[in-house]
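The values are calculated or read from the model by the stated rules, or taken from the named source; none is laboratory data. Because the structure is a prediction, the values reported are computed rather than measured. In this analysis, Cβ positions are derived from the backbone assuming ideal geometry, glycine residues included, and neighbour counts consider all displayed protein chains. With ligands, DNA and RNA removed, areas are computed over all heavy atoms of the protein, side chains included. Shrake-Rupley method; radii C 1.70, N 1.55, O 1.52, S 1.80 Å.
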Amino acid sequence: MAVPLSPAEVAVEAAGLAVQSRELPRLLRLVARRLPAGPDTVRDALCEVRHKGWASRIIDRTQRAGRIWVQRDEAQAAAAHITDPEPDDDALLAALPPVLAARWRQSAATPDEALTLVRAELFDGAGRVLSASQETMLAAEVAAAFGATDDFVRDAARQAEERLADQAAADRTARARRREELQRLRDWEASLVAFDAVPALLGCTRNEALRLVAENRLPVARKLVQDGIEQWQFDPAALTRLPAGTPRGRQNAIRINNAAIARIAALDRYAAHFRTARSLQRRITLVTGPTNSGKSHTALDTLSRAESGMALAPLRLLAHEFREALGARGVVCSLSTGEERIVEPGSRHLAATVEMCPLHNPVDVAIVDEAQMLHDPDRGAAWTAAIMGAPARHLYVLGAADCAEVVRRIAALCDDPIEEITLQRMGPLSAADEPVRLASLTRGDALIAFSRREVLDLRTALMQRGRRVAVVYGALSPEVRRAEAARFNGGDADILVATDAIGMGLNLNIRRVVFASLRKFDGTESRDLSAQEVKQIGGRAGRYGKHEAGVVAVLAGAGNPAFIRAMLAAPPMPRAELRPLVQPDADIIRAVAAEIGSDSLFGVLVRIRRAVLRRDDPNYRLADMSQAFAVATALEGVRGLDLTERWAYAMCPVDERDNGIVRLAAWATEHAAGRIVPPPAVGKLPPPDRAARDELERAEKTHKRLVAWRWLALRFPTFYPAREEAEASTRRLNDWIEDVLRQQRRGRAEAG
């Protein structure tokens with residue numbers, strides 16, 4: 001039986017603990033609140049403060065010793081096992097190893113996996129990288145937890161030293177090469193001459209030089225605009241390499257030598273870059289219309305009747321749906337996405353993501369879907385390349401009405417005839433007159449938010465009201481999105497809570513779309529939804545054959561229904577910028593590198609940005625290549641990878657917010673050193689009904705890392721050989737995430 005504490009004893013112990021824990025104000029409030037509840041409650045309160053003080057001391061000592069992998073919850077768990085009322089530092093630290101060992105054995109099956117997971121947690125959480133001595137310390141602790149031998153510790157320390165040495169060497173080389181490439185660019189720019197110097201360099205008259213420039217037979221190195229006047233600059237080294245002779249002879253020679261120049265400057269004559277497509281007599285059919293107007297159905301019918309063809313989709317999810325739709329029409333179809341290949345023997349049809357468009361094998365019919373993505377700053381260049389380069393005799397381009405003008409422009413640049421078909425929505429769509437209360441949502445409703453956190457918060461609020469909920473948001477894999485859509489369509493969930501990820505690639509039986517917000521953050525600023533966004537998302541309501549009429553509404557307190565009505569009635573907004581986005585491909589990268597005499601991807605991209613395509617080009621604009629630049633910069637010092645391999649890494653889909661570029665550089669360093677790159681570790685997953693929200697987010701991030709790893713495995717199978725393991729981990733994560741989302745009670749995942 002606990003000995004009752006007198007008020008004096010409470011005060012003495014509280015004061016002593018407060019000094020230790022530096023939490024005097026909070027402690028006094030705690031004790032004052034709990035005194036009426038009795039001595040045991042006071043004792044528990046004092047123990048709580050004592051343990052927190054010990055946990056703080058443990059964290060302080062471990063951080064000073066370089067053991068940065070020790071987390072606060074582990075320190076608190078260790079403190080709870082201490083019985084000595086006045087433990088010294090050794091006693092505090094001695095309580096920690098059993099806690100760490102239990103955690104590592106729970107999350108990993110082997111010491112190697114545990115070591116990998118701890119490294120990943122440190123890197124993913126705060127971008128921390130362990131030093132060689134820290135790696136050795138950690139390996140020793142992990143070995144003790146799993147009963148591993150000293151050989152494990154020695155191997156881990158050796159591998160860490162090799163990795164760190166390679167990274168340090170790569171960093172030194174990268175700095176030197178960036179300086180070298182920037183100096184090369186500055187020297188080249190300083191060597192450029194104005195047009196007045198060209199006749200003397202060529203041995204021709206000024207008028208002859210002007211005619212050569214006008215006929216695009218003389219390479220203009222750079223075009224600048226100063227005081228509103230365009231200034232041409234020329235590379236004297238390129239001009240002096242041109243043969244001498246009569247003006248006509250020079251023109252013929254220049255025409256021959258400009259074959260290389262044309263390839264290098266192909267971004268300002270981008271359509272000519274796609275030779276197979278230009279060799280065909282293509283015709284384009286542009287099919288525009290709102291959501292639920294039957295655009296895809298019309299084009300797929302034509303594709304299924306063709307001898308050969310391909311369907312290009314914006315998402316892996318939609319590529320799978322195209323393949324299934326063709327299969328339902330009796331057409332055997334292969335699949336090609338960034339991280340997945342399914343080759344059907346004898347198939348002459350392909351479903352693929354837009355970025356995977358094959359450019360050299362002619363087909364009868366091709367489909368490019370969601371052409372409004374031409375305006376997307378991140379992926380628009382892929383749509384330009386697909387529409388210009390798809391080697392199809394008949395090309396169907398599908399999209400919203402606001403893509404029509406830029407598609408017409410692309411057709412003109414390609415000299416392809418274009419036919420236009422406008423489809424109307426197959427069922428009526430109207431705006432609700434009144435806002436909708438959360439409690440009034442009914443079966444078949446889709447509630448739209450614009451962040452993962454808002455989606456999960458709304459899911460929790462609806463489940464507290466007894467509703468069955470499915471969710472769709474961008475961080476979920478295509479497989480999980482399809483599973484959640486199937487739950488909603490099949491009646492296992494009453495309400496769908498989603499982001500604008502439902503705008504493309506999912507067939508959903510939605511009766512009413514309800515916006516939980518009429519503003520979204522677009523990566524740059526928080527702004528009102530555009531008319532096209534309201535139409536694209538709201539148009540998901542009223543699926544033909546399921547709900548004949550669709551309704552679009554706003555959640556009570558989130559905005560005015562008049563805004564929805566105005567956006568649905570608004571005509572397509574004219575685009576201020578109609579020049580299609582372009583970016584180089586591997587062929588252009590290699591050609592520019594050969595011209596400037598450098599194998600530096602960083603140097604090539606700098607030259608392209610500064611000289612190959614000027615900002616005021618009348619036909620094209622350069623896509624945002626900031627991520628490619630960042631990867632090129634990170635890989636500049638990695639020896640052992642050629643230019644094409646580095647470009648492949650620059651195109652790998654990674655999340656910069658998740659330290660994706662640094663992780664990519666680490667993988668590339670291992671690849672360049674001739675070492676195998678293992679797939680990202682998943683570790684052990686908690687039971688789905690006990691998963692906290694941060695654990696769900698961690699699983700989603702791991703899935704994205706596996707997608708990037710599998711993307712690279714398709715291109716570098718020798719150094720990324722464990723594809724089956726990675727695919728099994730991907731399936732395991734998909735199943736676990738779906739199981740978590742199926743939990744229809746308010747558990748830890750919701751409370752998180």
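Tabulated data
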quantity: Reduced Cα scattering model of the stretch 466-583, Debye log10 I(q)/I(0), q = 0.16, 0.22 Å⁻¹; calculated: -0.86, -1.37
quantity: Cut-off 18 Å (backbone N to label point 7 Å along Cα→Cβ of Arg305), residues of the stretch 380-415; calculated: 393-397
quantity: Sequence-distant residues sharing a close amide H with Tyr396 (under 5 Å, placed H); calculated: Thr285, Ala366, Ile367, Val368
quantity: Extreme residue, positive dipole direction of the chain, given options Val70, Thr276, Ile537 (C-beta unit charges); calculated: Thr276
quantity: Student exercise, the chain dipole from Lys, Arg, Asp, Glu Cβ charges, in Debye to nearest 20; calculated: 1520 debye
quantity: Carbon plus sulfur fraction of accessible area for the chain, probe 1.4 Å, in percent; calculated: 52 percent
quantity: Long-range Cα-Cα pairs in the stretch 358-414 (distance over 14 Å), rounded percent; calculated: 51 percent
quantity: Cα-centred dipole magnitude for the stretch 127-187, charges only on beta-carbon of K, R (+1) and D, E (-1), debye, nearest 20; calculated: 560 debye
quantity: Tensor-based shape of the stretch 167-214 (alpha-carbon gyration tensor, a/c under 1.5 rounded, otherwise prolate or oblate); calculated: prolate
quantity: Per-q log10 I(q)/I(0), the stretch 546-585, q = 0.17, 0.27, 0.31 Å⁻¹ (Debye; single scatterer per alpha-carbon; no solvent); calculated: -0.71, -0.99, -1.07
quantity: Burial order of peptide ranges 373-385, 513-525 (average beta-carbon count within 10 Å, highest first); calculated: 373-385, 513-525
quantity: For the stretch 66-113: rounded, prolate or oblate by the Cα gyration tensor [a/c cutoff 1.5]; calculated: prolate
quantity: Per residue Cα convex hull volume in Å³ - calculated over the stretch 324-367; calculated: 88 Å³
quantity: Coordinate range along principal axes, alpha carbons of the stretch 286-409, Å, largest first; calculated: 39, 28, 26
quantity: Peptides ranked, highest mean first, by Cβ atoms within 10 Å: ranges 592-599, 59-66, 452-459; calculated: 452-459, 592-599, 59-66
quantity: Prolate/oblate/rounded label for the stretch 570-704 (Cα gyration tensor, a/c 1.5); calculated: oblate
quantity: Where GluC sites (Glu not before Pro) fall in DSSP loop in the stretch 116-215, at most 16 other Cβ within 10 Å; calculated: Glu215
quantity: Long-range HN-HN contacts of Ile421 with modeled amide H, under 5 Å; calculated: Leu286, Val287, Thr288
quantity: In Å, descending, principal axis extents of the Cα set of the stretch 635-752; calculated: 53, 27, 18
quantity: Antiparallel %, DSSP beta bridges [both residues in the chain], to 5; calculated: 20 percent
quantity: Residue-normalised accessible area of the chain, expressed per residue, 1.4 Å probe, Å²; calculated: 45 Å²
quantity: Euclidean distance between Cα centres, the stretch 634-677 to the stretch 93-172, Å; calculated: 22 Å
quantity: Candidate aspartates and glutamates for bridging to Lys535, where Cα separation is under 15 Å - those fewer than 8 sequence places away on the same chain excluded; calculated: Glu370, Asp402, Asp500
quantity: Residue-averaged [θ]222 nm for the chain, counting only DSSP H segments that reach four residues, each worth -39500 (n - 2.57); calculated: -16000 deg cm²/dmol
quantity: Selection from Pro653, Ala143, Phe234, by position along the positive dipole direction of the chain (Cβ); calculated: Phe234
quantity: About the Cα centre, charge dipole magnitude for the stretch 46-111 (Lys/Arg +1, Asp/Glu -1 at Cβ), debye; calculated: 300 debye
quantity: Amide H contacts under 5 Å for Ala431, placed H, 5+ residues apart; calculated: Val552
quantity: Shape box of the stretch 352-496 [Cα atoms, principal axes, largest first, Å]; calculated: 59, 34, 28
quantity: For the stretch 448-533, convex hull volume per residue from C-alpha positions, Å³; calculated: 101 Å³
quantity: Correct option for log10 I(q)/I(0) by the Debye sum over Cα atoms at q = 0.05, 0.08, 0.11 Å⁻¹ [calculated from the coordinates] among (i) -0.23, -0.62, -1.27; (ii) -0.33, -0.75, -1.16; (iii) -0.35, -0.84, -1.31; calculated: (iii)
quantity: For the stretch 515-594, convex hull volume per residue from C-alpha positions, Å³; calculated: 177 Å³
